[in-house]
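Visitor: The structure follows.
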Amino acid sequence: MDGGDEGVVVAPIGDESMCSNGGAVDDPRRPPASSGKAAAGGGEQMDLEAYVALYTGRTRVSRLLFVAERCGNEGMQLEALRMAHDEIKKGEDSHLYREVIAKTGGRLGPLYALDQTWVDMVDRRAEARKEKLENELNSYKTNLIKESIRMGFNDLANFFYAHGQLGDAFKNYVRTRDYCTSSKHISQMCLNVILVSIELGQFMHVSNYVSKAEQTPEQLDPITHSKLRCAAGLAYLETKKYKLAARKFLDTGPELGNNYTDVIAQQDVATYGGLCSLASFDRPELKNKVIDNINFRNFLELVPEVRELINDFYASRYASCLEYLENLKPNLLLDIHLHDHVETLYTNIRHKAIIQYTHPFISVDLHTMAGAFKTSVAGLEKELEVLITDDKIQARIDSHNKILYARHADQRNATFQRVLQTGVEYERDVRAMLMRTNLIKQESILRAAKKL
């Protein structure tokens, strides 16, 4: 290795054309990174109406309240609270309604003050409905009709769920299990329990009931199968098992469509699956399981930014890839499932990009590399030090000349060392055999002497 070699020396990989900054030659047909609609980092605020339109049910309210809590922008916070207020009044959860009114603190004007008349009406109606459902269930239990009892528990669970009593809803959905008479009933029971468990944040229950649903004797229909893949992916994401999460999201079929919007949107499948794949897959896996995955490509088409950053990462266009990531980051931090994992995923993706960048080179100019990764030379050195210490990059840093030198193994010397080691092991084995033979011989002589 030439210690005075300045700049970058390229070792070609396959048929990919590499340029001096470690990236593939830009394709003029590709849109610029700044064209992404989610470029909140550039000052564009999240379109809340478009965002919540992707969801239905309680998750729409939950996501609005999460945005209001985390956005750090009073205008967006009030807009999220206003939309949550309007959504809640379409339902019957008076407790959640009171919470939202308390959070607005009168900042939305008199139209969004506490409507006590509505609250009293909902509570009275809820009490009457609950009493009716409990009486019907007791009647079904008396008649010992399994299907009626199952439906009774299910109706009571639906009532509790609609009124925000998730603990009671969970218990009643679980109780329907003893009265299920078909595989379809079991899978529906599992999906109901999974829905409530996700909202409660009980992802251990999510994993357990995904497994129960998959063990039903009859084959699941494609929509149910896709729902279970998404639920399992969320459970793995929550436990930071990103590779397993990526596989589940990648296995989700296009049949999902808009059939699971009370939990997850198709755009979320693309985003979660794409980022987890980038953070955990190696280069061949990324090509085979993500880029060439026809089913997942349908999801990626809904989120062009994620599609482009995956293609940029694989094509070694790191500057563009990192720009897409930075543009997506503000909105990802407002995602109810992904927010806790953004920093970890981004760090893993960046480290993998640095490793991929350095792999084909004998030496790399740190100034050029720092420009490709939009960082300072000092900052890049620290990142490289961590990766070298963790044995993820086989290299050494020339801090004076600001050059990274690859530490390639001496194949000739390694071969000689292996031959010598083989000789030593052979000699040891032969000595051990001779000693064993002598021991056996001596023992037989002693036995013969004893017999005499």
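The values are calculated or read from the model by the stated rules, or taken from the named source; none is laboratory data. Fair warning: this is a prediction, and the values are worked out from it, not measured in the lab. Glycine also receives a Cβ, built like all others from the backbone with ideal geometry; neighbour counts cover every protein chain displayed. What goes into the accessible areas is simple: the full protein's heavy atoms, side chains included, and nothing from ligands, DNA or RNA. Shrake-Rupley method; radii C 1.70, N 1.55, O 1.52, S 1.80 Å.
Visitor: Going through the stretch 205-298, which trypsin sites (Lys or Arg not before Pro) have at most 13 other Cβ atoms within 10 Å and a DSSP loop state?
Guide: Counting only loop positions with at most 13 other Cβ atoms within 10 Å, the trypsin sites (Lys or Arg not before Pro) in the stretch 205-298 are 240.
Visitor: Using a 1.4 Å probe on the protein chains only, how many percent of the accessible area of the chain belongs to carbon and sulfur? Don't skip to the answer; put the middle values down first.
Guide: Details: 12410 of 23990 Å².
Here carbon and sulfur together make up 52 percent of the probe-accessible area.
Visitor: Could you work out how much longer the chain between residue 119 and residue 433 gets when fully extended? Use 0.36 nm per residue separation minus the Cα distance between them, nm to one decimal.
Guide: Numbers: separation 314, 0.36 × 314 = 113.04 nm, distance 8.99 nm.
Stretched fully, the residue 119-residue 433 segment lengthens by 104.0 nm.
Visitor: Additional query: Can you give the local net charge around residue 69? Use residues other than it whose beta-carbon is closer than 14 angstrom to its beta-carbon, Lys and Arg +1, Asp and Glu -1. Intermediate results must be reported in sequence, preceding the final value.
Guide: Numbers: positive: 63, 70, 103; negative: 74, 79, 99, 335, 340.
It works out to a net charge of -2.
Visitor: Given 333, 192, 380, which one lies farthest toward the positive end of the charge dipole of the chain, if we put +1 on the Cβ of every Lys and Arg and -1 on the Cβ of every Asp and Glu?
Guide: Highest projection toward the positive end goes to 192.
Visitor: Residue separation times 0.36 nm, minus the C-alpha to C-alpha distance between residue 128 and residue 239: what's the value?
Guide: Details: separation 111, 0.36 × 111 = 39.96 nm, distance 4.11 nm.
Full-extension gain reported as 35.8 nm.
Visitor: Can you give the extra length, in nm with one decimal, that the chain gains between residue 144 and residue 413 once fully stretched, where that is 0.36 nm per residue apart less the Cα-Cα distance?
Guide: Working: separation 269, 0.36 × 269 = 96.84 nm, distance 8.13 nm.
Between residue 144 and residue 413, full extension yields 88.7 nm more.
Visitor: Okay, moving on. To the nearest 10 degrees, how steep is helix 58-70 against the longest Cα principal axis of the chain, on a 0 to 90 scale?
Guide: Relative to the chain, helix 58-70 is tipped by roughly 70 degrees.
Visitor: Turning to a different aspect of this structure: Using the charge dipole of the stretch 222-264 (Lys, Arg: +1 at Cβ; Asp, Glu: -1 at Cβ; taken about the Cα centre), state which of 263, 249, 225 has its Cα farthest towards the positive end.
Guide: 249
Visitor: Using the Kirkwood radius over Cα pairs, work out the Stokes-Einstein diffusion coefficient for the stretch 337-376 at 4 °C and 1.567 mPa s, in µm²/s as a whole number. The partial results should precede the final answer.
Guide: On the way: Rh = 11.5 Å.
Roughly 113 µm²/s, to the nearest whole number.
Visitor: On to the next question. Quick one: Karplus J couplings for the stretch 230-238, per residue in order, coefficients 6.51, -1.76, 1.60, θ = phi - 60°, nearest Hz, x for Gly and Pro?
Guide: Taking θ as phi minus 60°, the curve returns 5, 4, 5, x, 5, 5, 5, 4, 4 Hz for the stretch 230-238.
Visitor: Testing the spin-label approximation: label points 7 Å from Cα along Cα→Cβ at residue 375 and residue 47. State their distance in nm.
Guide: It works out to 3.4 nm between the two label points.
Visitor: For residue 179, what is the net charge nearby, where nearby means another residue's Cβ is under 12 Å from its Cβ and Lys, Arg count +1, Asp, Glu -1? It would help to have the intermediate numbers written out before the result.
Guide: On the way: positive: 141, 146, 150, 175, 177; negative: 147, 178.
Net of charged neighbours comes to +3.
Visitor: Can you pull out the trypsin sites (Lys or Arg not before Pro) in the stretch 303-401 that DSSP calls coil and that have at most 10 other Cβ atoms within 10 Å? Display every interim value, and only then the final one.
Guide: On the way: sites: 307, 317, 350, 352, 374, 382, 392, 396; in loops: 317, 374, 392.
Passing both the DSSP loop test and the Cβ count: no residue.
Visitor: Another one. Kindly report, to the nearest 10 Å², the accessible surface of residue 151 as traced by a 1.4 Å probe over protein heavy atoms only.
Guide: Number for this one is 80 Å².
Visitor: What's the longest uninterrupted piece of the chain once you rule out the GluC sites (Glu not before Pro) that are loop residues per DSSP with at most 14 other Cβ within 10 Å? Working shown, then result.
Guide: Numbers: sites that count: 6, 16, 44, 218, 301.
Counting at most 14 other Cβ atoms within 10 Å as exposed, the longest clean stretch of the chain is 45-217.
Visitor: Using only Cα atoms and rounding to the nearest 10 degrees, what angle (0 to 90) does helix 318-332 make with the longest principal axis of the chain?
Guide: Approximately 30 degrees, to the nearest 10.
Visitor: With unit charges on the beta carbon (Lys/Arg positive, Asp/Glu negative), name the residue among 94, 77, 66 whose Cα is farthest towards the positive pole of the charge dipole of the stretch 58-116.
Guide: 66
Visitor: Further, regarding this structure: Over every pair of different alpha-carbon atoms in the chain, take the mean of 1/r and invert it; report that Kirkwood radius in Å. Write down the numbers at each step before the final one.
Guide: On the way: mean 1/r = 0.0375 Å⁻¹.
Here the Kirkwood hydrodynamic radius works out to 26.7 Å.
Visitor: Check residue 395: other-chain or 5+ apart residues with amide H under 5 Å from its amide H, H built from backbone geometry?
Guide: 407
Visitor: What's the angle, to the nearest 10 degrees (0 to 90), between helix 74-88's Cα axis and the longest principal axis of the chain?
Guide: 60 degrees
Visitor: Still on this structure: Using the structure shown, select from 103/352; 89/212; 89/240; 240/392; 227/329; 212/240 the pairs with a Cα to Cα distance greater than 30 angstrom.
Guide: Numbers: 103/352 42 Å; 89/212 36 Å; 89/240 36 Å; 240/392 20 Å; 227/329 26 Å; 212/240 22 Å.
Check vs 30 Å cut-off fails for 103/352; 89/212; 89/240.
Visitor: What is the distance, in nm, between label points placed 7 Å from the Cα along the Cα-to-Cβ direction at residue 392 and at residue 422?
Guide: Label at residue 392, label at residue 422, 3.6 nm between them.
Visitor: At 1.4 Å probe radius, can you tell me the per residue accessible area of the stretch 212-355 in Å²?
Guide: Details: 5380 Å² over 144 residues.
Per residue, the stretch 212-355 has 37 Å² of solvent-accessible surface.
Visitor: Shifting gears a bit: How big is the accessible area of residue 424 in square angstrom, nearest 10, if you roll a 1.4 angstrom probe over the protein chains?
Guide: The value for residue 424 is about 90 Å².
Visitor: So, one more: Say R0 is 25 Å: what FRET efficiency, to the nearest 0.05, do residue 344 and residue 208 get from their beta-carbon distance?
Guide: Details: r = 25 Å, r/R0 = 1.01.
About 0.50, to the nearest 0.05.
Visitor: For the chain, with only Lys/Arg (+1) and Asp/Glu (-1) charged at the beta-carbon, what is the dipole magnitude about the Cα centre, in debye rounded to 20? Walk me through the numbers on the way to the answer.
Guide: Values: 57 positive and 62 negative charges, 429 e Å.
The calculation lands at about 2060 debye.
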